[in-house]
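Single-structure report; data block below.
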Amino acid sequence: FPIAHRRLKQGDLLFRAGGDFHSLHVLNAGFAKTCYVSEDGRERTTGFHLRGDILGLDAVATGTYECDAIALDISDVLSIPYDALIARGQRDAAVARELHRAFGSEIRSDREQMLSMGSLHAEGRVAAFLLEMSRRFGSRGFSATKLQLRLTRNEIGSLIGLKLETVSRALSRFARLGIIKVRLREIELLDPDALRDVVVMSQSH
């Protein structure tokens, strides 16, 4: 099936909220975020995406993209027409299985994030976020301890339901305790076990 290859610069738009859905987009290299503008005019970050992630899955049900997708640095994207993908899946069981796996992974990720974040206090949410990022970076072949997040503190807060100041305080406290080291937008996890302890303690209160 036809695949469009796109090269994006930092800040380039991959797709816009409300736009007609025609293709799924595989992030082949780089980083991206998904976001939307709420009724009060504030930008709400809904996702941070790494190499190998598929963007646009949430548009399949409605036929329109639910959010903006924006490149966070130089990124390489493969855009696959959805109709062609479905037609190929009807002929090729392996393609159909991979598509079902992608949908299942998206649903599970959303559910786990809602369940974990909803029960945690502020520091627990930040710790859980860092551990999840560590898992995702490691699974994509990046360092699992030196995280190049490409997100501002405000975007992290929006993603996990906290204010910028609250995220900054939690990160500063973790740094003072020697759990992490912060260098601009790189966060190094010095003691992942201590972060897990923060999550556990947060769940018990």
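Within segment 145-157, the set of residues being touching a strand residue (DSSP E or B) at 6+ places or on another chain (Cβ under 8 Å), in a loop (DSSP other than H, G, I, E, B) and open to solvent by 40 Å² or more (accessible area, probe 1.4 Å) comprises Thr145, Arg150. Per this entry, Gln203 is not counted among residues that are closer than 18 Å to Asp73 by Cα and polar (S, T, N, Q). Could you tell me how many of the residues in segment 24-63 are open to solvent by 20 Å² or more (accessible area, probe 1.4 Å) and either over 22 Å from Gly161 (Cβ atoms) or within 12 Å of the chain's Cα centre (by Cα) (or both)? Total satisfying the criteria: 12.
Looking at Glu123, is it open to solvent by 60 Å² or more (accessible area, probe 1.4 Å) and either at pLDDT 65 or above or on the phi < 0 side of the Ramachandran plot (or both)? So Glu123 fails the test. The residue pairs whose first member lies in segment 1-24 and is closer than 18 Å to Val60 by Cβ, whose second member is acidic (Asp, Glu) and part of a strand (DSSP E or B), and whose beta carbons are closer than 6 Å, counting only pairs six or more residues apart or on different chains, are Arg16/Asp68; Ala17/Asp68.
Looking across segment 1-46 at every residue that is aromatic (Phe, Trp, Tyr) and not in a loop (DSSP other than H, G, I, E, B), the one that is nearest to Leu159 (Cα to Cα) is identified as Tyr36.
Remark: pairs (first residue in segment 185-205, surrounded by 13 or more Cβ atoms within 10 Å (Cβ to Cβ) and of a type in the set (Ser, Thr, Tyr); second residue in a loop (DSSP other than H, G, I, E, B) and at pLDDT below 95; Cβ separation under 9 Å; 6+ apart in sequence or on different chains) = Ser202/Ser119; Ser202/Leu120; Ser202/His121.
The values are calculated or read from the model by the stated rules, or taken from the named source; none is laboratory data. None of these values were measured; they are calculated from a predicted model. FYI the Cβ positions are ideal-geometry reconstructions off the backbone, even for glycines, and counts take in every protein chain you see. Just so you know, the surface numbers come from the protein's heavy atoms only, side chains and all, with ligands and any DNA or RNA stripped out. Shrake-Rupley method; radii C 1.70, N 1.55, O 1.52, S 1.80 Å.
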